[in-house]
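Below is one structure; the comments refer to it alone.
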């Protein structure tokens with residue numbers, strides 16, 4: 001379930017990154033506006049990431065922490081919270097840029113979105129390759145299915 005959600009999240013993060021890269025190099029205000037509107041739509045969808053992280057924080061992290069694994073959950077929790085904060089900051093910056101029409105503000109929003117897309121990609125990678133692997137390993141060990 002979590003990996004399927006990560007696949008959905010990663011797909012949106014990649015799209016956000018592509019739009020952000022185009023926005024950063026956009027020369028025409030109208031093109032920048034259209035890109036920013038698409039990015040707002042994608043980040044609106046990415047707000048569901050909050051629910052995904054809540055599930056992990058309530059199910060997986062406590063399970064691992066009870067078994068003495070605290071570093072991985074602690075680091076991921078902090079990075080996930082940063083993504084949520086950055087998404088909120090992007091929304092504020094992007095809506096302000098659309099209201100004022102300032103291309104430089106649109107560029108700032110684009111750079112922030114590019115950082116968000118990269119951070120999401122890194123967190124998804126760490127969840128898939130480290131967190132879920134640890135969770136599976138300990139679950140299998142405890143069930144005796146080794």
Helices (runs of 4 or more DSSP H) wholly inside segment 1-92 containing at least 1 residues that are closer than 16 Å to residue 125 by Cβ: 2-24, 49-66
Out of (1) surrounded by fewer than 16 Cβ atoms within 10 Å (Cβ to Cβ); (2) at pLDDT below 90, the one residue 82 does not meet is (2)
Evaluate the following for residue 96: is it more than 18 Å from the chain's Cα centre (by Cα) and modelled with pLDDT of 95 or more? yes
Determine which member of the set 16, 10, 64 is within 26 Å of residue 130 (Cα to Cα) and at pLDDT below 95. 64
Inter-residue pairs, beta-carbon under 8 Å, first touching a residue at least 12 places away in the same chain (Cβ under 8 Å) and at negative phi and in segment 59-87, second assigned to a loop (DSSP other than H, G, I, E, B) and exposed (fewer than 14 other Cβ atoms within 10 Å of the Cβ), 6+ apart: 64/70; 87/47
Taking first residues from segment 13-33 that are closer than 19 Å to residue 98 by Cβ and second residues anywhere that are outside any helix (DSSP H, G or I) and at pLDDT below 95, the pairs with Cβ under 7 Å that are 6 or more apart or on different chains are 29/101; 32/26
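The values are calculated or read from the model by the stated rules, or taken from the named source; none is laboratory data. Owing to the predicted nature of the structure, the values given are computational and were not obtained by experimental measurement. All Cβ positions, glycine included, derive from the backbone under ideal geometry; neighbour counts span all protein chains shown.
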